[in-house]
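Any read-out appearing in this document is the output of simple, stated calculations on the displayed coordinates, not a laboratory observation. Remember, predicted model here, so these are calculated numbers, not experimental data. Heads up, the Cβs are rebuilt from the backbone with ideal geometry, glycines too, and the neighbour counts pull from every protein chain shown.
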Amino acid sequence: MQKITYRAARPSDAGEMAELEVLCFSDPWRKDAIEQDVAGNPLARYIVAISDGRIVGFGGLWIVVDQGHIIDIAVHPEFRRRGIGRALVTAMINDSKTEGVVAHTLEVRESNEAALKLYEELGFRVAGTREDYYQHPPEHALILWRGSVEL
């Protein structure tokens, strides 16, 4: 098994991150949007997973006051089920706690059973639904929270 290393994302990573978006999502972020968020959004924190010099996963989180909104988790299909998603989410949670974040939230497709299982194992709980949140294909999103927030 190849060694996976993790580090903070750089604006120059946006191209590889955008390629992962296309592989993983039906409504992918564009390279320029990723680059702008990584380089110019003071609320954004991104981490990448690297194997043999290429990015095989990444996660993004926005810190808003004392809450962390996990906005993106992408893992290359060939690298799934190796703990990369768990490591990315765990790192974002732990790193953001050092910046005063006390609760974390995210949205996930209702049908994404693998992600829902992972998030539940990491302490997230369903707090609500965003109807018709996803467009391609149409689907509701579940709103998940973990940490000190009233549900």
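Show the residue pairs meeting these rules: Cβ distance below 9 Å; 6+ apart or different chains; first residue within the stretch 111-125 and more than 16 Å from Thr90 (Cβ to Cβ); second residue outside any loop (DSSP other than H, G, I, E, B) and among the hydroxyl-bearing types (Ser, Thr, Tyr).
So the pair list comes out as Arg125/Tyr119.
Looking only at the stretch 105-123, count every residue that is in contact with a Gly (Cβ under 9 Å, 6 or more places away or on another chain), more than 19 Å from Ser26 (Cβ to Cβ) and surrounded by 17 or more Cβ atoms within 10 Å (Cβ to Cβ) and tell me the total.
Of the residues in that region, 2 qualify.
Report yes if Thr105 is within 23 Å of Ala9 (Cα to Cα), polar (S, T, N, Q) and without any contact (Cβ under 8 Å) to a residue 12 or more places away in the chain, otherwise no.
no
Looking at (1) out of contact with any strand residue (DSSP E or B) (no Cβ under 6 Å at 6 or more places or on another chain); (2) over 19 Å from Glu21 (Cβ atoms), which one does Val102 not meet, given that it meets all the others?
(1)
If Asp72 satisfies all but one of (1) acidic (Asp, Glu); (2) crowded, with 19+ Cβ neighbours inside 10 Å; (3) farther than 22 Å from Gly147 by Cβ, what's the number of the condition it fails?
Looking at each condition in turn, Asp72 falls short on (3).
Counting only residues that are basic (Lys, Arg) and surrounded by 14 or more Cβ atoms within 10 Å (Cβ to Cβ), which one in the stretch 80-96 is farthest from the chain's Cα centre (by Cα)?
Only one residue fits best here, namely Arg82.
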